[in-house]
Amino acid sequence: MNLNEDKNSVDDESRDSRPDPRSNQKEVHPGQPLGVAKYHIYTHARHALGGHESVKAIYQKLELLGPLQKRILGFLGNFGSGKTEVAVNFAMQLGLAANIENNGVEGPIRIIDLDIINPYFRSREAAEPLTEAGVEVVMPTGDKFWADLPIILPEVKGLIKRTDGKLILDVGGDDLGARVLSHLNQDFPLENTTLMMVVNANRPFTSDLAGARKVLSELEDAAGLKFGGLVSNTHLMDETSPDEIRRGYEFTKKVSAETGLPVLMVTAEPRLIDNGTNSGIRTEEFDCLLLPLYRFMLPPWRRDSIRSG
Amino acid sequence: MARILMKGNEAIGEAAIRAGCRFFFGYPITPQSEVPEYLAKRFPEVGGVFTQAESEVAAVNMIYGAACTGTRVFTSSSSPGISLMSEGVSYIAATEVAVVIVNIVRCSPGLGGILPSQGDYWQATRGMGHGDFRILVLAPASVQEAANLIGLAFDLADKYTNPVMVIGDGIIGQMMEPVEFPEMTDPKSFKEKPWALTGAKGREPNILTSLFLDPDVLEAMNQRLLKKYRQMEATEKRWEEYNISDHMDLLVFAYGTMSRISKTAIDELKQEGIKVGLFRPITLYPYAYEAASALIEKADKLISVELSTGQMIDDVRLASKGREVAFFGRQGGIVPTPEEVKSEFLKLVKS
Amino acid sequence: MVNTIFSRPEAHRDIFTHYCPGCTHGITHRLVAEVLDELKIRERAVGIAPVGCAVLAYNYFYCDFAEAAHGRAPAMATGIKRARPDLIVFTYQGDGDLASIGMGEIIHAANRGEKITVIFINNAIYGMTGGQMAPTTMPNQRATTCPFGRDVNVAGYPIRVAELLSNLVTPSYVARVTASIPSQIPNAKRALRKAFQYQIEGRCFSLVEFVSTCPTNWGMSPIKACGWAQSDMLPFYKLGVYKTPDDPIPDAVRPREVKK
């Protein structure tokens, strides 16, 4: 037998079915099914969408807090401080608020995923629930969604210079992640920007005052911009108790006393917030916004994780 | 000590410090870069020496050199980098010095992708490099266990003067969980190693080599290594049993991230009255065949669940003595949901 | 009264070497051993043998020794030196080991300024594996893998390691010497001494390249081989000191005060 005549060898067929590396270059819009995006989080979107009461309460308090009324709100912090969860939740709540008429929040609400550091657990993973909540997610699309590349989208600069709506920045971890801002810092309307440092006192390097101050100045140096406030995000994942939240808030207040930066938010998972039966924390305990924080960045074995949605 | 919140990769770095390790040599690669980044920041506080090598090839030979002085040393990398290190690991195993290697596995052959996978099971458990050797392989399923197993890895590396690998997938490296560390071990508290290269002062020179020209001598070296591996097999097998009962509808084999997804599915099936047990190997080599065999006798059906096309299933088959073993796995960085796994289990139980 | 005026250095074992007659490895070994003795560093010296003809070097030196994978000696030396800065660490490598498979390791070890000493034997051919082309093989020189002579159009020109490494900015000591000409041997020893001295002082990376002979694989008598090294290699591989740690650092890269 002449092997050369056997045109339909297994090899040929198998090669023909190789994926075309260019096939995923097409635009994939958030909100559309992302095909093989298996690392996404759908979970709490519906909870959050139903929670208009908390949204209203948040917004009322927000009015009291001038720095949070700025158009551009950026979240920075050291690795694992919870920047992304805070940014995603805050954007989502604003998105929901913007959907309620006459409450003063003007759309469009946009969130930019500026995380060039870590390819895991980024805000782009919450793209679907954010979109459902009316938030425009600015992130790399197509196969670059999963890329371990420092991608800064060309539209970012334009979005910073716009004057409408609100812009939430989810900046990557540590001074390394904050570097992204240094390349954009000429474009920021400083009078209309508040950058916040997210503080988790249970994380290495920010577990004491000296550490938190050091990280703060490293972040400011790297970004070439100054902070306008602090976010108390102390927690221990599932082991967090209401007292842990209070302890973290006290710690952030100490950072505040040393730096002069106001504590603008304290976060807590909804299960830790007083609902009349659970003896959780109460809004009036804090001189700042209490942001109910739904966890979107969950490991895949969690039943409440995305993929269960 | 209080519990703090750490990423798997950071916990690995801190656990190595607690174990008295002060030397790290490595090359950046996603998704393990937090290990060197954590150490670059943390080592100066404890007098450690962090070195960024020019490649994984250089990194593994640097830990080889450091290990020749008898000190505790480690490196970390991810799949393609581990392939580059395999030459050096063969030399280290043959020379019989102690190193710890961390592999935070990423997906698919070639450059593949950066998402989680368990596709390096064969590479890790079947000798890894050229020649005829074994390395101990430990597979954590949580951040706390990653920290614990790093400590154990250093002890075992010293005990057997052999490479020990701690293998996790990208999720184990990247996720955050509360973790507690043991007290600091003083690096000066370790016993002097008479074979180490420390300068031939007042003694005959020490020579560390893997070259033996005389076939009889070389065979004797292989036999000595084999004896060591037999001892590991006799004493170092570790595993976890979950939801085991005398008569199980299904016995699941899974490790690392897949074991945690399986547990979620098993818990739900338990509520529905379906008895599914889990055998989770903690040492991938040596594999606890006997313990697995004992459980296999109590189960109607068997399945291996992996983030690969089916690698650990080879070991399950060795333990199952001819019984049929089903397989479920995802690849390409896709991690199945608990629901997906649960429906696979149900399908098998009902078939 | 009888005085001993010549004896075997303590750092060299009393043993026959496997090197061929006319090969300059033996002389180089002896020079290294003499320097280890004279600088009184034998008891804290760790040598690293390459893969190549010197693979068994650990049998000839009387000090601690390790055997590296092919080309990886500088990486291994880095590991040893960083773990134990008090030790005096040297590698002994041939041209295939250092300039071919181990080019990455040698450049980066030199560029990091590892405080190690490298003895580099350049004999323009692979000795151990039987006379294949080396990165240092001369144009038109025959080897088993270039039986018609090195063709520079497909194999490029020979690599000059001393010149290459001396172009790095990181301070180092780089010299090229030869043991194939008797009158040059004192120079070679001086360079070796200097190289180890810099390491003892913790000053810099040091490398001494030896233009060496391989009569067996060159297919020459020992005398002829020494002559060929002189007539054909030395005009290209020029002897001398190529770099010292006192050479100036360009202003553009001189580190500024780092803010803490």
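Where a number appears in this text, it was derived from the coordinates with a stated rule and is not lab data. Please read all numbers here as calculations on a predicted model, not as lab measurements. We place every Cβ from the backbone using ideal geometry, glycine too, and count neighbours over all the protein chains shown.
Worth pointing out:
- Between 0 and 90°, nearest 10: helix B:34-46 axis offset from chain B longest Cα axis: 50
- Taking packing as the residue-averaged number of other Cβ atoms within 10 angstrom, the listed peptides A:66-78, C:68-80 run from highest to lowest as C:68-80, A:66-78.
- Ordering C:L36, C:A134, A:S207 by the projection of their Cα atoms onto the charge dipole of the protein assembly as shown, which places +1 on the Cβ of Lys and Arg and -1 on the Cβ of Asp and Glu, puts C:L36 at the extreme positive end.
- Overall form of chain C per C-alpha gyration tensor (a/c, 1.5; a/b vs b/c): oblate
- Remark: the Cα gyration tensor places chain B in the prolate category, a/c being 1.5 or greater and a/b exceeding b/c.
- Shielding by other protein chains, B:264-272, mean Cβ within 10 Å: 1
- Cβ-Cβ distance of B:R317 and B:E290, R₀ of 22 Å, FRET efficiency by 1/(1 + (r/R0)^6): the value works out to about 0.90.
- The length gained by stretching the chain between C:T170 and C:S183 to full extension, at 0.36 nm per residue less their Cα-Cα distance, is 1.5 nm.
- A simple spin-label model places the labels of B:S108 and C:L56 5.0 nm from each other, with each point 7 Å out along Cα-to-Cβ.
- Whole-number percent relative contact order across the range C:25-246, with pairs defined as alpha carbons under 8 Å at least 6 apart: 19
- Converting phi to 3J(HN,Hα) with the Karplus coefficients 6.51, -1.76 and 1.60 and the offset θ = phi - 60°, the range B:60-66 yields 5, 6, 5, 5, 4, x, 4 Hz in sequence order, with x at every glycine or proline.
- Averaged over peptide C:37-46, the number of partner chain Cβ atoms lying within 10 Å of each residue's Cβ comes to 3.
- Backbone phi angles across the range B:173-188, fed through the Karplus curve with coefficients 6.51, -1.76 and 1.60 (θ = phi - 60°), yield HN-Hα couplings of x, 9, 6, 10, 8, x, 8, 10, 10, x, 4, 5, 8, 6, x, 6 Hz in residue order; Gly and Pro are listed as x.
- Residues whose amide H comes within less than 5 Å of that of C:A45, counting only those at least five positions distant or on another chain, are B:A200, C:D64, C:I88 (H built at 1.01 Å from N in the peptide plane).
- Cut-off under 5 Å, modelled amide H: who pairs with C:T144 long-range: C:Q132, C:M133
- Amide H contacts of B:T69 (H built 1.01 Å from N, in plane; Pro and chain starts excluded): B:L197 sit under 5 Å, all sequence-distant by 5 or more or on other chains.
- Ranked by the mean number of other Cβ atoms within 10 Å of their residues, highest first, the peptides C:9-22, B:322-335, A:287-300 fall in the order A:287-300, B:322-335, C:9-22.
- Here the Karplus relation 6.51 cos²θ - 1.76 cosθ + 1.60, evaluated at θ = phi - 60°, turns the backbone of the range B:4-21 into coupling constants of 10, 9, 9, 6, x, 5, 5, 4, 4, x, 5, 4, 5, 4, 4, 7, x, 8 Hz, with x for every Gly and Pro.
- Between B:K347 and A:R213, the C-beta separation translates, for a Förster distance of 56 Å, into a calculated FRET efficiency of about 0.50.
- A simple charge model with +1 on the Cβ of Lys and Arg, -1 on the Cβ of Asp and Glu and nothing else charged puts the dipole of the range A:46-308 at about 100 debye relative to its Cα centre.
- On Cα atoms only, tilt of B:143-160 relative to the major axis of chain B in degrees: 50
- Rounded Å value of the spacing that divides the Cα centres of the range A:214-257 and the range B:234-284: 40
- Only Lys, Arg, Asp and Glu carry charge here, each on its Cβ (+1 for the first two, -1 for the last two); on that basis the protein assembly as shown has a dipole of about 1980 debye about its Cα centre.
- Helix B:79-95 axis, angle to chain B major axis (alpha carbon atoms, nearest 10°): 60
- Within-11-Å neighbourhood charge of C:R42 [Cβ basis; K, R +1; D, E -1]: -3
- Taking C:F61, C:F148, C:F210 as the candidate residues, the one with maximal mean-square fluctuation in a Gaussian network model of chain C, Cα springs under 10 Å, is C:F148.
- With the largest listed first and rounded to whole Å, the semi-axes of the equivalent ellipsoid of the protein assembly as shown from the Cα gyration tensor are 56, 34, 27.
- Fully extending the segment from A:E284 to A:N185 would add 32.0 nm, taking 0.36 nm per residue of separation and subtracting the current Cα-Cα distance.
- Helix-only arithmetic for the protein assembly as shown: the sum of -39500 (n - 2.57) across DSSP H runs with n ≥ 4, divided by the residue total, places the mean residue ellipticity at 222 nm at -10500 deg cm²/dmol.
- When peptides B:66-73, C:102-109 are sorted by average Cβ neighbour count within 10 Å, with the highest value leading, the order is B:66-73, C:102-109.
- Counting Cβ atoms of other protein chains within 10 Å of each Cβ in C:106-118 and taking the mean gives 1.
- Estimated FRET transfer efficiency when R0 is 41 angstrom, pair B:S86-C:N153 (beta carbons, to 0.05): 0.70
- Rounded to the nearest 20 debye, the dipole size of the range A:186-309 about its Cα centre is 360 debye, using +1 on the Cβ of Lys and Arg and -1 on the Cβ of Asp and Glu.
- Rounded if a/c under 1.5, otherwise prolate or oblate - the range B:53-197, Cα gyration tensor axes: oblate
- C-alpha center-to-center spacing [the range B:305-351, the range B:69-111] in angstrom: 28
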